[in-house]
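Reading through the structure tokens given below for one structure.
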Amino acid sequence: MKKYVAEMIGTMVLVLMGCGAAVFAGAGQPFDSVGTLGVAFAFGLSVVAMAYGIGSISGCHINPAITLGVFLSGRMSGKEAGMYMLFQVLGAIIGSSILWFLAKDSGSTTTLTGANGFAGGQLGAAFVAETVFTFIFVLVVLGVTAKNGHNKFAGLAIGLTLVLIHIVCIPITGTSVNPARSIGPAIFAGGEALSQLWLFIVAPFLGAAIAAFIWKGITVEDEKRATA
């Protein structure tokens, strides 16, 4: 249970800090703006902070797509993966509720929880972007957390990868690559955010599955274990 609670707290922090940056300081806000780059770093730094804060407890997935990739790569059981995902979504909902309360009277010009979305006619681009960028993200996670990976710097590598992905993807979808991060804000945003939510669940899971498949095909982790 400690692992699941850690995942809930970590996902709450990710949503509160990352989406909070978009709501309060994203491009076009009436407050001092940090723009796209600032929001990208807010998400990445949230992951870095939580990786070193709760990584020793749960591994700091704080993302159902990462959990799926870890499960498909054979590093955790289906039951444990399911519980991780459940608590990640709960954490995202808690983070979104806090953000909604803080932002509802703030004058923010975006959705009050930083929900994901795409413009009309951009369905294909949005689906490809979320799939490909989740694939890249999960592949990096599987690589740096492998037994023969650079584990001491795993949190930093994962966080910086998320920054890179956000820089490119924010103009396309607002960047999800994380179903929980999309579910929580969409519940409070409603409307179009809820109607488009399926994409931000299906595409990241597809990207994670592809990453796990590719990783199992190219890794030397199992070969080294077999010869040890």
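The values are calculated or read from the model by the stated rules, or taken from the named source; none is laboratory data. Here the structure is a predicted model, which means the values were calculated and not measured. All Cβ positions, even for glycine, are placed from backbone atoms using ideal geometry, and neighbour counts span all protein chains on display.
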Identity of the residue in region 181-197, more than 23 Å from residue 13 (Cα to Cα) and not polar (S, T, N, Q), that ends up farthest from the chain's Cα centre (by Cα): 191
Flag if residue 15 is buried (at least 22 other Cβ atoms within 10 Å of the Cβ), closer than 18 Å to residue 169 by Cβ and not basic (Lys, Arg): yes
By residue number, the members of region 161-194 that are crowded, with 24+ Cβ neighbours inside 10 Å, in a helix (DSSP H, G or I) and either among the basic types (Lys, Arg) or in contact with an Asp or Glu (Cβ under 8 Å, 6 or more places away or on another chain) (or both) are 173, 181
Could you say whether any residue in region 137-151 is modelled with pLDDT under 90 and part of a helix (DSSP H, G or I)? yes
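Among 158, 57, 98, 94, which is more than 16 Å from residue 201 (Cα to Cα), assigned to a helix (DSSP H, G or I) and within 13 Å of the chain's Cα centre (by Cα)? Let's see the steps before the verdict.
Values: 57 fails: within 13 Å of the chain's Cα centre (by Cα); 98 fails: within 13 Å of the chain's Cα centre (by Cα); 94 fails: within 13 Å of the chain's Cα centre (by Cα).
After applying the criteria, what remains is 158.
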When residues of region 197-228 are limited to those that are at pLDDT below 95 and not in a helix (DSSP H, G or I), the one surrounded by the most Cβ atoms within 10 Å (Cβ to Cβ): 219
Inspect all residues belonging to region 204-218 and state whether any of them is in contact with a Pro (Cβ under 8 Å, 6 or more places away or on another chain), in contact (Cβ under 8 Å) with a residue 60 or more places away in the chain, of a type outside the set (Ser, Thr, Tyr) and farther than 17 Å from residue 69 by Cα. no
